[in-house]
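What follows is a set of notes on a single structure, which appears directly below.
The values are calculated or read from the model by the stated rules, or taken from the named source; none is laboratory data. Please read these numbers as outputs of a predicted model, since none were measured by experiment. Neighbour counts run over all protein chains shown; Cβ positions are idealised from the backbone, glycine included.
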Amino acid sequence: MPHRTAGFTLIELMVTLIVATILIVIAAPSFNSFYAQARSDSNIKTIQQLIQMARNHAISYGSRVTVCPISEQICSSNWLDNISIFTDSGQSNIIDGNDQLIYSIGPFNPKDYVSYNRSAIRFQPEGLASGTNGTLKYCPDSINNANSRAVIISQSGRVRFSQKTNISCD
């Protein structure tokens, strides 16, 4: 009587691999969407916390505080760069010897878009935002993405998440 050993045949292994490959090919596009949504949610929360930290610092220390993307010690308009918080002694958009870097984040994924209609967000010592209201937008992968998120900065200094959907980062 022949003795049979336990295990899988080559045909069984091939069928299993083919079925697994088909399932992965079907599921891959939804993973990309899930990753974009998770990245967008995470980064907009980080940006909101950074802006709130700047406002709290301005109130706590009674100084003017600026949030902006910094390139060569000057505020730039590329919000994908490192976004930094610093005390602002008065010379606008430039970090000089009297200013102190408080915190910095970034850069973000180079395929994403971050837009704001100004080059900086400034908080006065009483916590008020200088200038007018603004909306900072984060769009993963493209300018028009269903997973785009935004934070709104009011003139009173309040920072809140936008409830609006279909946000465009143009």
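Scanning segment 39-62 turns up no residue that is touching a strand residue (DSSP E or B) at 6+ places or on another chain (Cβ under 7 Å) and over 25 Å from Ile152 (Cβ atoms).
For Asp96, the requirement of being among the acidic types (Asp, Glu) and part of a loop (DSSP other than H, G, I, E, B) is met. Pull up segment 15-39, narrow it to residues that are modelled with pLDDT of 85 or more and of a type in the set (Ser, Thr, Tyr), then point me to the one that is farthest from Arg149 (Cα to Cα). Ranking the qualifying residues of segment 15-39, first place goes to Thr16. In this entry, Ser84 passes the filter for residues that are closer than 22 Å to Ser156 by Cα and small (Gly, Ala, Ser). For segment 148-169, the set of residues classified as touching a Cys at 6+ places or on another chain (Cβ under 9 Å) and over 19 Å from Gly106 (Cβ atoms) consists of Ile167, Ser168, listed by residue number.
If you check Thr46, Thr66 for being within 30 Å of Asn144 (Cα to Cα) and in contact with a Lys or Arg (Cβ under 6 Å, 6 or more places away or on another chain), only one passes: Thr66.
Evaluation of Thr132 against the conditions (1) touching a residue at least 40 places away in the same chain (Cβ under 8 Å); (2) more than 30 Å from Pro29 (Cα to Cα); (3) part of a loop (DSSP other than H, G, I, E, B) shows that the sole unmet condition is (1). The listed residues are Ile143, Ile74, Ile94, and the only one of them that is over 12 Å from the mean Cα position of the chain (by Cα), within 28 Å of Ser33 (Cα to Cα) and of a type outside the set (Phe, Trp, Tyr) turns out to be Ile143.
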